[in-house]
1. Given the options 228, 282, 273, name the one that is part of a strand (DSSP E or B), touching a residue at least 12 places away in the same chain (Cβ under 8 Å) and within 24 Å of residue 315 (Cα to Cα).
2. Looking at the stretch 76-87 only, could you name the residues that are out of contact with any strand residue (DSSP E or B) (no Cβ under 9 Å at 6 or more places or on another chain) and either surrounded by 14 or more Cβ atoms within 10 Å (Cβ to Cβ) or within 20 Å of residue 42 (Cβ to Cβ) (or both)?
3. If residue 188 passes every condition in (1) closer than 27 Å to residue 41 by Cα; (2) surrounded by 18 or more Cβ atoms within 10 Å (Cβ to Cβ); (3) touching a residue at least 12 places away in the same chain (Cβ under 8 Å) but one, which one does it miss?
4. Among residues belonging to the stretch 274-290 that are in contact with a helix residue (DSSP H, G or I) (Cβ under 7 Å, 6 or more places away or on another chain) and surrounded by fewer than 19 Cβ atoms within 10 Å (Cβ to Cβ), point out the one that is nearest to residue 212 (Cα to Cα).
5. Restricting the search to the stretch 259-270, which residues are in contact (Cβ under 8 Å) with a residue 24 or more places away in the chain and surrounded by fewer than 19 Cβ atoms within 10 Å (Cβ to Cβ)?
6. Please verify whether the stretch 91-99 includes one or more residues that are surrounded by 13 or more Cβ atoms within 10 Å (Cβ to Cβ), in contact with a helix residue (DSSP H, G or I) (Cβ under 8 Å, 6 or more places away or on another chain) and more than 24 Å from residue 183 (Cα to Cα).
7. Hey, residue 413 hits all of (1) within 32 Å of the chain's Cα centre (by Cα); (2) modelled with pLDDT under 70 but one; which does it fall short on?
8. When the stretch 391-406 is examined, which residues are found to be part of a strand (DSSP E or B) and over 10 Å from residue 426 (Cβ atoms)?
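The values are calculated or read from the model by the stated rules, or taken from the named source; none is laboratory data. Just so you know, these numbers come straight off a predicted model, no measurement behind them. Methodologically, a virtual Cβ is constructed for each residue, glycine included, from the backbone with ideal geometry; neighbour enumeration extends over all protein chains shown.
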């Protein structure tokens, strides 16, 4: 059924795009939250990492002692999922395969099955819970086998020759004759360091040394995990008696690394912007975002280009630390003929290398005015008044043109109309200043050509 057909049947239908990666992250987050009931939480299994429906496996061995019984522990988990608004089916069994099979075929009531009654509980279940491929399931149904008990009653020595080794493996995993290991969800402690003093610290240099000490602890933990910093959070808490608010600063790196000298410099740039009056008593340095450490291939012949890109990234980080993350933007080119519409702020602010496939562009000024400025221009004699500029006036000063290159015709986008086609000139006056002028020609009231001149940019 298509979305249009579904909306025709249900007017208030809400459609959500499928996002498997986001679903997996949400399932992992839920699994980490469930570690409050048991330290061993797993998702999926080796052969089928994405079971349908989504499943989480909790190893409750020995944990019932801390919750006054297995029934109470299962009830707490069920109640927690209900409070989150997550519909769940739960079952407790001695094996992973049996617990999943009982859960997917069970209703909303949690079921607990012991080792003595395991086989009896599995016999009435459909053969779909064996997690076999479609061909093997089709062969079993062709023989009239619909339940697990009927498959268990077959001669075991004849099953591999008729259905392959997968059926024996699934039956053994279901009954516990063969172990089924699961991959435990990895949980890493957040990288956060703090220090507290009895008296407020007001000197910025002392505050900088405090954060350097906290940074050393964070770098040690990052080195142990083979990871690099992507974002740093600084938190400074004042003494409650002064009634000041907690100061929070975020440092976003253009590329992940753990270079101590660079990080210390960024910390100092942020500390300089903090009002340290009355001081602070508690200092926190958190690393909420970090990435794995990857070995980058060194540049053998283009090392200077790599150094330039690295220096550009460091400049971006220093400016962001001093002026704020929103004060520095990274432009990117977009499809537009008009210069003022040919760029937009990049979604990813991290500056990166320019692709080698970009075609060479005509010369453009470094300073482009937000809006073209209309100016008065004296042109060379021409019958249609479209001669090259000879001099122009701007800001009360007359500029005599010594050299002029052009025109370069730039038309508007077709969907915006072609009434404002521009002819650009790269001009240089007698003192060596370069400007970017353009004219717009339109038909006047008496069917005559009228030219209007604008100043759009200036070369530095």
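1. When all the criteria are applied, what remains is 228.
2. Hits for the stretch 76-87 are 76, 78, 80, 81, 84, 86.
3. (2)
4. Out of the qualifying residues, it is 276.
5. Residues satisfying the conditions are 260, 262, 264, 265, 268, 269.
6. Let us first name the residues in the stretch 91-99 that are surrounded by 13 or more Cβ atoms within 10 Å (Cβ to Cβ), namely 91-99.
Going one step further and asking which of them are in contact with a helix residue (DSSP H, G or I) (Cβ under 8 Å, 6 or more places away or on another chain), we end up with 91-98.
Imposing the further condition that a residue be more than 24 Å from residue 183 (Cα to Cα) reduces the set to none.
For the stretch 91-99, residues surrounded by 13 or more Cβ atoms within 10 Å (Cβ to Cβ), in contact with a helix residue (DSSP H, G or I) (Cβ under 8 Å, 6 or more places away or on another chain) and more than 24 Å from residue 183 (Cα to Cα): absent.
7. (1)
8. In the first step, residues of the stretch 391-406 are kept if they are part of a strand (DSSP E or B); the result is 391-394, 397-406.
Selection gives 391, 392, 393, 394, 397, 398, 399, 400, 401, 402.
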